[in-house]
Amino acid sequence: MRDFVILGLTGPSGSGKSTFCKYLKDCGFACVDADAIARQALKPGSSCVFQLKAAFGDDIADSSGNVNRSLLASRAFSSKEGTQLLNDITHPWVFLRSLKLIKQLAENGERLIVFDAPVLFESNSDVMCDFIASVIADRQTRLERIMKRDNISEELACRRFDAQQQDSFYISKSDFVVDGAGDEFYLKKTALEIKETLNKSLSLKGGG
């Protein structure tokens, strides 16, 4: 029986997941960031880059192998089929490296680990999590955030949204649902409540 708990953290683009993850880290969670790991998959020479070029066009990378992330995103996230293809290429790579990092954190004594993964369910990574927290927000809030963050048009932002899962999908699969449009007090309070629940879980199974 392991003496640590993994919280899977997910949610649609622009929901405020990254912001909420910071509050979790502030109250003691160690974090494994799937997006950060995925960025390593795009480094020149990576096997993922060769597969992505074959799937989305040679021009997504320059002659040195550097990936144009904006171009890749515009092609991959413009349809559910494109998003699925991107996931099929990158998920196995990210999953194995995430497991390695989680193991290292556990061996170093971390007992509360958050696995921050936008495509947690789509990659089937939820199977390694003890609890799931999904961050959702109303469409207008998400739209404004995405347009500002990625400097894209409303049309492109909407196309990304349409290629993603609906809120009901996340709600039905989660132990915790967080309103990403909430204020700082709400987000801090919710992070602490989740921490308390997970600590109780550890105590019940003999980890506390």
- Could you tell me which of the residues L204, L156, L192 is open to solvent by 30 Å² or more (accessible area, probe 1.4 Å) and free of Cβ contacts under 8 Å to residues at least 24 places away in the same chain? L204
- Query: Could you say which residue among N151, N108 is at pLDDT 90 or above and open to solvent by 20 Å² or more (accessible area, probe 1.4 Å)?
  - Reply: N108
- Test result for A54, open to solvent by 30 Å² or more (accessible area, probe 1.4 Å), without any contact (Cβ under 8 Å) to a residue 60 or more places away in the chain and within 30 Å of Y186 (Cβ to Cβ): no
- Message: Of all residues being touching a Gly at 6+ places or on another chain (Cβ under 8 Å) and at pLDDT 90 or above in region 45-64, which is nearest to Q165 (Cα to Cα)? Just the residue, please.
- Response: F56
- Report whether or not S98 is among the polar types (S, T, N, Q) and over 24 Å from N151 (Cβ atoms). yes
- Query: When the residues of region 159-180 are filtered to those that are assigned to a loop (DSSP other than H, G, I, E, B) and open to solvent by less than 50 Å² (accessible area, probe 1.4 Å), which remaining residue is nearest to F20 (Cα to Cα)?
  - Reply: G180
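The rows are residues; the columns are (1) closer than 24 Å to I152 by Cα; (2) within 19 Å of the chain's Cα centre (by Cα).
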| position | (1), (2) |
| --- | --- |
| Y23 | no, yes |
| C31 | no, yes |
| L72 | yes, yes |
| Q104 | no, no |
- Take region 133-147 and flag every residue that is under 16 Å from L9 (Cβ atoms) and either touching a Lys or Arg at 6+ places or on another chain (Cβ under 6 Å) or open to solvent by 60 Å² or more (accessible area, probe 1.4 Å) (or both). V135
- Note on the structure: Note: among T83, T10, just one is open to solvent by less than 40 Å² (accessible area, probe 1.4 Å), touching a Pro at 6+ places or on another chain (Cβ under 7 Å) and within 28 Å of A133 (Cβ to Cβ), namely T10
- Quick one: which residue in V67, V32, V5 is closer than 19 Å to T190 by Cα, buried (at least 19 other Cβ atoms within 10 Å of the Cβ) and among the hydrophobic types (A, V, I, L, M, F, W, C)? V5
- Residue hits (region 70-80; of a type in the set (S, T, N, Q) and either surrounded by 16 or more Cβ atoms within 10 Å (Cβ to Cβ) or at pLDDT 90 or above (or both)) are S74
- Among (1) under 15 Å from the mean Cα position of the chain (by Cα); (2) in a helix (DSSP H, G or I); (3) small (G, A, S) - the single one A55 does not satisfy: (1)
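The values are calculated or read from the model by the stated rules, or taken from the named source; none is laboratory data. Predicted model, so just to flag it, every value in this text is computed and none were measured. No Cβ is skipped: glycine too gets one built from the backbone with ideal geometry, and neighbour counts run over all protein chains shown. For accessibility, only protein heavy atoms count, side chains too; no ligands or nucleic acids. Shrake-Rupley method; radii C 1.70, N 1.55, O 1.52, S 1.80 Å.
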